[in-house]
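Heads up, the thing below is written out as structure tokens.
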Amino acid sequence: MTPSSKQIWYGIGAIAVLLLSGIAYAIYSFAPRGPALSTVKTTETSTGTEMKVEVIYGSTDVYSIEVHYPQFDIASVDAKIQAVVDKVVAEFKTYPQNPHDSSVPVNELTGSFDSVYIGADIVSAALSISEYTGGVHPNTVTIGVNVDRATGRELSLDDVLAMIGKTLSQVAAGSLAQLNAKFEGHVPFPEGAEAKAENYSTFLVGKNAVKFIFNDYQVASHADGPQETSFPRKY
């Protein structure tokens, strides 16, 4: 019996569905995930401060959450970090459920941290937050938290500019020079390093230097990864 045109189209449709499902599964299986989670449990630093790792887990039909973040038993610092994490998690939980044909079954939120500095004057940490809601790759951002131990105040851009003894224009010029050296004079998105406060809102204070972080797509592509520039501290 010769199949009817309707049967032929049904067959083609079934094959197409199978192909699309296979592609979606492949994307989900091989797409890069968020940053590796910290395995540090408790660490005593040279200043005698004990760092502990807290974890927020959550799993529903809509989302999966696993966020690791540091706590130092310093009330002002811990509160600032906790506030950032709580805000990220709360906003993520409001995301709508993925459609059935999405490349990822549920929205995924992962978080880790690095570049921890615990000084007598300042405590800082880089929180790495990754959201994967489908598509080719997750969206990952670094959030810098820098707290003055004496006042409990989170440092501003003006604070760190004073710390390195430079104006925003000087930092922008220096950053562009550092980025040009890395990209051999061809920074993909140089406008992301212009002398605008929002371009330098992510920074990390260390013992000897201040680093400015440029997240994905700010000055370079996702494939190039986040970029950073560094300036020595004057005090």
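All of the numbers you see were taken from the coordinates with simple rules; none came from a lab. Because the structure is a prediction, the values reported are computed rather than measured. So basically every Cβ, Gly included, is an ideal-geometry build from the backbone, and we count neighbours across all protein chains shown.
Observations
- Segment 42-232 shape via C-alpha gyration tensor axes, a/c threshold 1.5: oblate
- Taken about its Cα centre, segment 42-232 carries a charge dipole of about 440 debye when Lys and Arg each add +1 at the Cβ and Asp and Glu each add -1 at the Cβ.
- Ordered by the number of other Cβ atoms lying within 10 Å of each residue's own Cβ, fewest first, THR110, THR94 fall into the sequence THR94, THR110.
- Equivalent ellipsoid semi-axes, segment 111-152, via Cα gyration tensor eigenvalues times 5, rooted, Å: 30, 8, 5
- As a rough footprinting exposure proxy, the listed residues PHE189, PHE212, PHE231 were ranked by other beta carbons within 10 Å of their own, and the order from fewest upward is PHE189, PHE231, PHE212.
- Structure note, pairs LYS87/LYS207; LYS166/LYS196; LYS87/LYS234: Cα-Cα distances above 22 angstrom occur for LYS87/LYS207; LYS87/LYS234.
- Extension gain, ASP114 to HIS186, is 23.0 nm, computed as 0.36 nm per intervening residue step minus the present C-alpha separation.
- Kirkwood Rh, Cα atoms: Rg over Rh of segment 48-121: 1.10
- Simple rule: put +1 on each Lys or Arg Cβ and -1 on each Asp or Glu Cβ in segment 42-232, find the dipole, and look at ILE164, VAL77, VAL116; the Cα lying farthest toward the positive end is ILE164.
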